[in-house]
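Each remark here refers to the structure printed beneath this line.
The values are calculated or read from the model by the stated rules, or taken from the named source; none is laboratory data. What you see is a predicted model; the values in this text were computed from it and never measured. So basically every Cβ, Gly included, is an ideal-geometry build from the backbone, and we count neighbours across all protein chains shown. In case anyone asks, the SASA skips ligands and DNA or RNA and just uses the protein heavy atoms, side chains included. Shrake-Rupley method; radii C 1.70, N 1.55, O 1.52, S 1.80 Å.
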Amino acid sequence: MAAGFAMNGDDAGSEGGRGSGPTSEGDLSARLKRLEAQLDQRREAAPGPRQRVEDSTSGPSAIGRAFRLSTEFVAGVIAGGGLGWLFDRLLGTSPWGLIVFLLLGFAAGTFNVVRAAGAQKSSDASGGSKPQKE
Amino acid sequence: MADPIHQFELKPIFSLGRIGGSEIVFTNASLFMFGAVALVTLLTMLATRNRAVVPGRLQSLVEMSYEFVASTVRSSAGNEGMRFFPFVFSLFMFILILNLFGMIPGGFTVTSHIIITFALAALVIGTVIVYGFWKHGLHFLHLFVPSGVPVYILPLVTAIEVISFLSRPISLSVRLFANMLAGHITLKVFAGFIGMLASGLGALGWVVGVLPLAMTIALTGLEFLVAVLQAYVFTILTCIYLNDALHPGH
């Protein structure tokens with residue numbers, strides 16, 4: 001997810017050609033291109049609201065963030081447990097599937113939490129110039 | 001009166017006949033969902049009817065919600081993510097209106113039923129899977145195989161990644177459902193205290209009852225915040241997951 005945030009910069013540059021549609025009138029396509037370029041400039045020049053949007057990903061409060069992280073963890077364990085239960089039911093390997101997949105689910109939940117917290121961190125870091133208010 | 005779960009009860013309005021062994025019933029949940037769709041459609045159509053260069057109140061409301069969702073999609077899924085904009089915008093408006101319908105006194109909170117939120121989350125993850133395989137073919141599976149991992153722990157990491165992926169619809173649906181359910185129960189419990197104090201303690205109860213009343217008012221404000229925030233969180237996570245479908249293997 002950290003990579004997802006980081007790559008926005010590359011994408012913004014590659015959209016210039018999209019405005020030139022199949023229209024035959026050169027005038028219209030030139031105007032569209034100019035509009036597209038101006039829009040690009042606007043988007044580049046005004047990173048303020050975008051940054052703010054990213055910063056508040058996890059919600060404005062510590063409670064919101066805590067809730068987000070805890071559901072990430074619980075969901076990992078539930079998914080692992082469910083997968084293990086299904087595995088046992090289909091293959092009759094009870095209780096080994098449940099044990100192994102519950103442990104894996106625990107790991108996946110922890111991984112989820114680390115990744116969610118990391119995404120918050122990196123979006124903080126990308127907003128570098130602006131002081132973070134916590 | 002003090003039963004805080006009562007508000008989530010599904011009430012059948014009329015029956016649509018039977019499919020298989022089960023009866024298909026139009027409930028109050030269906031009514032509120034149709035209401036939300038009608039409201040969103042009406043709002044956007046009415047607001048964009050005039051298409052004034054200087055927008056009026058209604059038009060700027062709709063333009064602001066468009067801009068808001070568009071910037072959310074752009075910032076987390078890039079410009080390619082804009083092809084999913086209609087989907088994300090519909091999801092955001094639908095959840096937002098349903099959450100806010102729940103704040104109307106006597107209203108019904110559809111998003112406090114996990115089957116609804118899970119259906120929405122399954123729709124999102126289904127879109128990610130179908131689009132990912134359609135666009136990238138088997139390359140989409142690179143999502144589960146992170147690069148730069150030693151071969152001997154690769155199976156373990158892959159298994160963990162798969163479980164982590166499967167946990168996404170669960171966390172997505174549980175978060176929305178639990179927030180709405182818990183908030184509305186808390187609200188009801190605190191409001192119930194006022195009546196209990198007044199009827200149990202008499203004159204003293206009326207005086208002390210001011211405390212839970214203040215709490216209820218504060219919680220109502222918080223619930224409005226949660227209603228909007230959870231719609232937004234659902235939207236941004238949708239965008240992040242769609243980003244995985246657009247660019248697997250990161």
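Residues considered: B:M103, B:M33, B:M215. Largest GNM mean-square fluctuation over chain B, using C-alpha springs under 10 Å, is found at B:M215.
Taking only protein heavy atoms and a 1.4 Å probe, what accessible area per residue, in Å², does the stretch A:61-124 have with all protein chains in place?
Spelled out: the 1.4 Å probe surface of the stretch A:61-124, per residue, equals 55 Å².
Per residue, the stretch B:87-189 exposes 42 Å² of solvent-accessible protein surface, assessed with a 1.4 angstrom probe and all protein chains in place. Considering only B:R57, B:R168, B:R18, the Gaussian network model of chain B with Cα springs below 10 Å gives its largest mean-square fluctuation to B:R18.
Under the definition of partner shielding as Cβ atoms of other protein chains within 10 Å of a residue Cβ, what is the mean value for peptide B:169-180?
On the way: counts 2, 9, 14, 2, 2, 6, 8, 1, 0, 4, 3, 0.
Averaged over the peptide's residues, the number is 4.
Accessible area ranking (1.4 Å probe, heavy atoms, ligands and nucleic acids excluded), largest first, for B:L166, B:L120, B:L42: B:L42, B:L166, B:L120.
Ordering A:I78, B:I115 from largest to smallest accessible area (1.4 angstrom probe), what's the sequence?
B:I115, A:I78
For the pair B:E67 and A:L35, label points projected 7 Å from Cα toward Cβ lie 1.8 nm apart. Solvent-accessible area assigned to carbon and sulfur over the stretch A:61-124 amounts to 80 percent, based on a 1.4 Å probe.
Summed over both chains, the contact between A and B buries some 2800 Å² of accessible surface at a probe radius of 1.4 Å. Could you please state how large a percent of the accessible area of the stretch B:74-180 is carbon and sulfur, counting protein chains only and using a 1.4 Å probe? Taking all protein chains in place, the stretch B:74-180 shows 78 percent carbon and sulfur surface.
Neighbouring Cβ atoms from other chains, within 10 Å of the Cβ of residues in A:72-81, number 6 on average.
Gain on full extension, evaluated as 0.36 nm per residue between B:T158 and B:A38 minus their Cα-Cα distance, stands at 38.8 nm.
For the residues B:I104, B:I97, B:I194, a 1.4 Å probe over the protein chains yields an accessible-area ranking, largest first, of B:I104, B:I194, B:I97. Here the Gaussian network model covers chain B, with springs between Cα atoms less than 10 Å apart; of B:T72, B:T186, B:T111, B:T186 fluctuates the most. Residue by residue along B:239-245, Cβ atoms of other protein chains within 10 Å of the local Cβ number 3 on average. The stretch B:186-250 and the stretch B:58-102 have Cα centres lying 23 Å from one another.
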